[in-house]
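The values are calculated or read from the model by the stated rules, or taken from the named source; none is laboratory data. Fair warning: this is a prediction, and the values are worked out from it, not measured in the lab. Here Cβ is always computed from backbone atoms with ideal geometry, including for glycine, and neighbour counts include all displayed protein chains. Surface accessibility is based on the protein's heavy atoms, side chains included, excluding ligands, DNA and RNA. Shrake-Rupley method; radii C 1.70, N 1.55, O 1.52, S 1.80 Å.
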Amino acid sequence: MTKTSLARTLREPAELVAADLAPATALPALERVAARYAVAITPALVDLIDKSDPDDPIARQFVPTAAELEMQPGENADPIGDHPHSPVSGIVHRYPDRVLFKLVHVCAVYCRFCFRREMVGPGKENALSDSAYRAAIDYIRTHGEIWEVILTGGDPLMLSPRRLSEIMADLAGIDHVKIIRLHTRVPVADPARISDDMVAALKVEGATTWVALHANHARELAGPARAACARLVDAGIPMVSQSVLLRGVNDNVTTLSDLMRAFVECRIKPYYLHHGDLAPGTAHLRTTLALGQELMRQLRGRVSGLCQPDYVIDIPGGAGKSPVGPNYVLAEQNTAADPRDAASETRYRIVDYCGDVHLYPPEI
């Protein structure tokens, strides 16, 4: 983060109260939250918060509340099962052809719904040690099935351009690694950090770089964030989006439509809409799966195909992501002897975005 941003990032509950982001009466509870979970709100995000709106969707994502101290059944410090799939420190190898590479455990901002909230913040390590980094690189090098490396954490763009350039070169130097993807909030949280040096650090010979941007509300894609994303895309770095379906933030079709359109306007392809993970103290921000499915059905009929993300859930325990969007196709009768023979096609009931049912193939 830039020195100016670091100087003004709000990190203490008393600073939140002084900035009119929380009432003074909430200070004791917020101090208990901050003792357990990291807090940081950058100036770029403070500027987006409507302090006159007690339900402001930007504040709801980043300003801590006492509700985070309330634990619900099923919530887990490792809700998506990273740990059982971590063969060496910093690596999560859940899927055959790709790994997560967790370089750092710090972020520019800390989301109140973060599924790794127990792994960052007070008393936690900030980054991999040199020896752990080398062991992780060796693991990737000796596993030829790894085609893609996903840099995450924490936020990998918290590293300096110099260090990122070294890491990118190390990965691109492994013959079987063809894709390097970075998951980040920095273009929204601290747009000035996406400098020419940072963009240059992400370009590397021997592998293709992708950047996945996390944003949950169209207001996050304000002018500075759009300019930061443009610097990446103009440099030839393709971008996709990741969002989380959040209660009180984007849990209606109008807000979701605005968000997905904003991504596409920025030349960012909507990729995943995540169902909220069972992270401790996050129940007040989660929705039901049924609501998510209905919102996806409504989204299908309202916005361009370019604007359609996959609605997914990370199955607790480490089984990976599964699409959980609405099912538009239901078997009517199973008559197909050969799935390649259109003449013996099974008849289906297909539901359109308005909820109307149609037979396919149609009755003659």
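For the reader, a short list of remarks on this structure follows.
- Hits in the stretch 268-288 (condition: open to solvent by 50 Å² or more (accessible area, probe 1.4 Å) and either small (Gly, Ala, Ser) or in contact with a strand residue (DSSP E or B) (Cβ under 7 Å, 6 or more places away or on another chain) (or both)): Lys269, Tyr271
- Residue check for Arg117: of a type outside the set (S, T, N, Q), at pLDDT 95 or above and buried (at least 21 other Cβ atoms within 10 Å of the Cβ): no
- Subset tally (residues that are surrounded by 13 or more Cβ atoms within 10 Å (Cβ to Cβ) and within 18 Å of Arg247 (Cβ to Cβ)) for the stretch 62-88: 11
- Residue satisfying condition, being surrounded by 20 or more Cβ atoms within 10 Å (Cβ to Cβ), more than 30 Å from Asp138 (Cα to Cα) and out of contact with any Asp or Glu (no Cβ under 9 Å at 6 or more places or on another chain), within set Ala22, Ala59: Ala22
- Test: Ala66 is more than 24 Å from Thr152 (Cα to Cα) and either more than 18 Å from the chain's Cα centre (by Cα) or not charged (D, E, K, R) (or both): yes
- Evaluation of Leu299 against the conditions (1) open to solvent by less than 10 Å² (accessible area, probe 1.4 Å); (2) over 24 Å from Ala59 (Cα atoms); (3) among the aliphatic types (A, V, I, L, M); (4) not in a helix (DSSP H, G or I) shows that the sole unmet condition is (4).
- Taken over the stretch 116-150, the criterion of being in contact with a strand residue (DSSP E or B) (Cβ under 7 Å, 6 or more places away or on another chain) and in a helix (DSSP H, G or I) is satisfied by Ala136, Tyr139, Ile140.
- Residue identified as of a type outside the set (A, V, I, L, M, F, W, C) and either within 29 Å of Pro161 (Cβ to Cβ) or crowded, with 21+ Cβ neighbours inside 10 Å (or both) among Lys51, Lys102: Lys102
- Among the candidates Arg181, Arg193, residue that is open to solvent by 30 Å² or more (accessible area, probe 1.4 Å), within 16 Å of Leu151 (Cβ to Cβ) and not β-branched (Val, Ile, Thr): Arg193
- Exactly one residue out of Val249, Val240, Val211 is open to solvent by 10 Å² or more (accessible area, probe 1.4 Å), at pLDDT 95 or above and either of a type outside the set (Lys, Arg) or in contact with a Ser or Thr (Cβ under 9 Å, 6 or more places away or on another chain) (or both), and it is Val240.
- The one condition from (1) in contact with a strand residue (DSSP E or B) (Cβ under 7 Å, 6 or more places away or on another chain); (2) aliphatic (A, V, I, L, M); (3) open to solvent by 20 Å² or more (accessible area, probe 1.4 Å) that Ile91 does not meet is (3).
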